[in-house]
């Protein structure tokens, strides 16, 4: 008999599948805790301007030429710096806002180069417990676990659990072999499937196939949409899958896992 501990719950059985919907939410109020000189507040609108990737181990790199994490990290960072230079002429952002954001982008770019050379990444902020794999903004609130009370709008997922699960079930039962819908991720032990509704800020065909779920997500005010870090997906984890401990892509977002169902065969 195999067993697995999933979010603090230990399950056992010969074969089981865990299905959940995963989405990235942008916590706007964390930006107000941005620790800057002279006590100025940070404008969260600027968050959509930058993204990057720190390349890690080979098995984490995909083969997509459009992936901002695995192929376009340098390009995206340089583009973000260029856009910030244009914004310096605008009255919407203070020069200090842009200066601190530019420094964080430059630090992320430096980390990429260090990783590619096989050098250990430098810790630029001792308050950070770990270094995000993509982009790190310094001075944000940092805590291991967040309460649902901090994000009351996420309760809409519970209210529509049946609808979300039905659309997932239809997608899984009828389109599992469609490689344009479901992607298979493999690890050293086990595998899991994932179907993106939103992938790196872009709406996919899955969103059209699951219109109810997509509209529910759009009602969440802090859902991270129209952003290269934006992501929402269905995911199925198979029995015996071992996913190594890892850090998220960026600390400007939080990832919410909403469990749908557990199959035991």
Within the range 129-157, which residues are surrounded by fewer than 16 Cβ atoms within 10 Å (Cβ to Cβ) and touching a residue at least 40 places away in the same chain (Cβ under 8 Å)? 130, 141, 142, 146, 150, 153, 156
So which residues in the range 216-232 are outside any loop (DSSP other than H, G, I, E, B) and farther than 30 Å from residue 109 by Cα? 216, 217, 218
I'm trying to understand the selection: among the residues of the range 91-105, which are modelled with pLDDT of 70 or more and exposed (fewer than 12 other Cβ atoms within 10 Å of the Cβ)? 95
Does residue 235 satisfy the condition of being closer than 22 Å to residue 189 by Cα and either in a loop (DSSP other than H, G, I, E, B) or more than 15 Å from the chain's Cα centre (by Cα) (or both)? no
Looking at 254, 260, 217 in this structure, which one is surrounded by 14 or more Cβ atoms within 10 Å (Cβ to Cβ), over 18 Å from the mean Cα position of the chain (by Cα) and within 20 Å of residue 147 (Cα to Cα)? 260
Only one of (1) out of contact with any helix residue (DSSP H, G or I) (no Cβ under 6 Å at 6 or more places or on another chain); (2) crowded, with 16+ Cβ neighbours inside 10 Å; (3) closer than 17 Å to residue 172 by Cβ is not met by residue 211, so which one is it? (2)
Which members of the range 188-202 meet the condition of being farther than 14 Å from residue 236 by Cα and surrounded by fewer than 17 Cβ atoms within 10 Å (Cβ to Cβ)? 188, 189, 202
In the range 226-265, residues that are modelled with pLDDT under 80 and closer than 29 Å to residue 137 by Cβ total 7
Do you know which of the residues in the range 106-120 that are at pLDDT below 80 and under 21 Å from the mean Cα position of the chain (by Cα) is surrounded by the fewest Cβ atoms within 10 Å (Cβ to Cβ)? 115
Which members of the range 87-110 meet the condition of being assigned to a helix (DSSP H, G or I), farther than 19 Å from residue 134 by Cβ and touching a residue at least 40 places away in the same chain (Cβ under 8 Å)? 87, 96, 97, 98
Out of 178, 173, 242, I need the residue that is part of a helix (DSSP H, G or I) and either without any contact (Cβ under 8 Å) to a residue 24 or more places away in the chain or surrounded by fewer than 20 Cβ atoms within 10 Å (Cβ to Cβ) (or both). Which one? 173
Count of the range 48-86 residues which are under 17 Å from residue 137 (Cβ atoms), in a helix (DSSP H, G or I), touching a helix residue (DSSP H, G or I) at 6+ places or on another chain (Cβ under 9 Å) and at pLDDT below 75: 2
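The values are calculated or read from the model by the stated rules, or taken from the named source; none is laboratory data. Keep in mind that what you see is a predicted model, and the values were worked out from it rather than measured. No Cβ is skipped: glycine too gets one built from the backbone with ideal geometry, and neighbour counts run over all protein chains shown.
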